[in-house]
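For reference, the structure discussed in these notes is given below.
Read-outs throughout are calculated quantities, based only on the coordinates presented, and are distinct from any laboratory measurement. Treat the numbers as computed from the prediction; the structure is a model and nothing was measured. Positions of Cβ are backbone-derived with ideal geometry, glycine not excepted, and every protein chain shown enters the neighbour counts.
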Amino acid sequence: MFEKTGVLEEMKTLAQIHFSLPYLLTVFVALVFIIFGFYGLSASEKIKKLPFLKFGIYAIASIYLFRGLDW
């Protein structure tokens, strides 16, 4: 799983600290993406309005923009 995403060496380093850390990190990242999805659905008014919606959408867009620019 980690080979396909290119983080195998980093995950091996984490696994040396504790065997469950790579998988806990994966679950954490998945939860962050779920929250991003909820903010997207809230902005499109598919679900109820979430707190700090405007700030959240701009923050998420900034994260993806900077990631796309490879900073």
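Given a Förster radius of 22 Å and the C-beta distance between Glu3 and Tyr64 as r, what FRET efficiency does 1/(1 + (r/R0)^6) yield to the nearest 0.05? Efficiency, rounded to the nearest 0.05: 0.35. Charges were assigned to the Cβ only: +1 to each Lys and Arg, -1 to each Asp and Glu. The resulting dipole of the chain about its Cα centre is roughly 400 debye. Note that the stretch 56-69 has calculated 3J(HN,Hα) couplings of x, 5, 5, 5, 5, 4, 5, 4, 5, 5, 5, 5, x, 7 Hz, one per residue in order, obtained from phi through the Karplus relation 6.51 cos²θ - 1.76 cosθ + 1.60 (θ = phi - 60°); glycine and proline are x. Among the trypsin sites (Lys or Arg not before Pro) within the stretch 1-66, which fall in a DSSP loop and have no more than 13 other Cβ atoms within 10 Å of their own Cβ? For trypsin sites (Lys or Arg not before Pro) across the stretch 1-66 that sit outside H, G, I, E and B with at most 13 neighbouring Cβ atoms in 10 Å, the list reads Lys46, Lys48, Lys49. The string of couplings for the stretch 30-36 from the Karplus curve (6.51, -1.76, 1.60, θ = phi - 60°) is 4, 5, 4, 5, 5, 4, 4 Hz, one whole number per residue in order, with x for Gly and Pro.
Here is how the number arises for the chain: DSSP H runs of 4 or more residues each give -39500 (n - 2.57), the sum is divided by the residue count, and the result at 222 nm is -24000 deg cm²/dmol.
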